[in-house]
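Participant: Pasting a structure here, questions to come.
The values are calculated or read from the model by the stated rules, or taken from the named source; none is laboratory data. Values in this document were obtained by computation on a predicted structure and should not be read as measured data. Heads up, the Cβs are rebuilt from the backbone with ideal geometry, glycines too, and the neighbour counts pull from every protein chain shown.
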Amino acid sequence: MTQKNQGQSERRTEGQQGGTMDTARETAQNVASRVSDTAQNLASRASDAAQNVASRASDMAGSAKDTAQEWAGSVAGGAQQAWDTTRRQASRYASDVAQGAENAWEGATSFVRRYPVASLCLAAGLGFLLAGAFSASSSRNYRRW
């Protein structure tokens with residue numbers, strides 16, 4: 001080979017190497033671009049997933065709050081109903097006791113009006129019994145000392 005042919009051959013080899021280098025650069029740039037696009041896509045998906053999780057957590061917290069408010073409302077309603085029921089029953093029992101006491105008083109006054117002598121004897125007998133009971137208990141206490 002002559003020098004001329006050798007120079008042309010080297011130029012072709014350099015040209016082929018230059019073309020290969022350009023192709024390698026383009027390929028590397030394409031790969032880098034694809035990697036960058038893939039990374040951006042993954043970052044976007046991760047961001048969307050995080051927002052979705054945050055939204056679901058917010059929805060669940062709202063639901064839990066609503067459920068707690070409903071329970072508190074039903075407990076308060078039940079307590080109010082229990083209070084009202086207890087108040088009505090206590091009022092009814094007090095009314096029944098008052099009515100019974102009134103009936104007993106009317107029965108006693110009616111007995112005294114119909115049988116005044118027997119009522120006086122009964123009162124005197126009860127008085128003597130009570131006096132004897134109190135004097136017996138007080139005399140026992142004095143004997144101990």
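Participant: Looking at region 104-123, is at least one residue surrounded by 10 or more Cβ atoms within 10 Å (Cβ to Cβ), among the hydroxyl-bearing types (Ser, Thr, Tyr), modelled with pLDDT under 90 and out of contact with any Pro (no Cβ under 8 Å at 6 or more places or on another chain)?
Facilitator: no
Participant: Still on this model: Does any residue in region 109-121 that is at positive phi come within less than 8 Å, Cβ to Cβ, of a residue that is in a helix (DSSP H, G or I) six or more places away or on a different chain, and which pairs are these?
Facilitator: Partner pairs satisfying both residue conditions: none exist.
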